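The values are calculated or read from the model by the stated rules, or taken from the named source; none is laboratory data. The shown structure was predicted, so the numbers you read here are calculated from the model rather than taken from an experiment. Backbone-built Cβ (ideal geometry, glycine too); neighbour counts: all protein chains shown.
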């Protein structure tokens, strides 16, 4: 009798969990990657969001063990801006949430049905002491040296074409 009860209860729980998660679609997850790689992932995410108007895209972002102040927020805003301005996703169809600070920096994409409550809404994890770098300096790329007198190359005609004439 107890075994039948446990079996029935297990089936009910499995059905309840699967039904609740039937409308949750995990799309992608990544850590620190280049902006080119991130744009490719965002392009795929945009396709998924635009595929069905009943879904909203969610971007969950967290910073890593050592992170600049507001790093996760800035990354999330950049991702949403790209989706809206470059990929044409309506701004009301993309939501981002800063999840705070964890062991590793991470971005996770989900799509959820617009008509239902958000089934996955993780809590913000505050930074631990020493985890936030207050005075971060923005990384800048050094420009490559450009040959003679550091002049910009003449883009109107390739050097080899000039030599042939």
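Based on what the data block shows, is residue 48 within 22 Å of the chain's Cα centre (by Cα) and at pLDDT 85 or above?
Yes; evaluated as a whole, the condition is true for this residue.
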- Task: Return the pairs, sorted by first residue and then second, in which the second residue is in a loop (DSSP other than H, G, I, E, B) and surrounded by fewer than 20 Cβ atoms within 10 Å (Cβ to Cβ), the first residue lies in the range 83-110 and is at positive phi, the beta carbons are less than 7 Å apart, and the residues are 6+ apart or on different chains.
- Result: 100/124; 100/126; 100/127
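Residue by residue, here is whether (1) within 26 Å of residue 136 (Cα to Cα); (2) not in a helix (DSSP H, G or I) holds:
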site	(1), (2)
37	yes, no
65	yes, yes
72	yes, no
99	yes, yes
115	no, yes
- Task: Could you identify the single residue in 89, 108 that is part of a loop (DSSP other than H, G, I, E, B) and surrounded by 17 or more Cβ atoms within 10 Å (Cβ to Cβ)?
- Result: 89
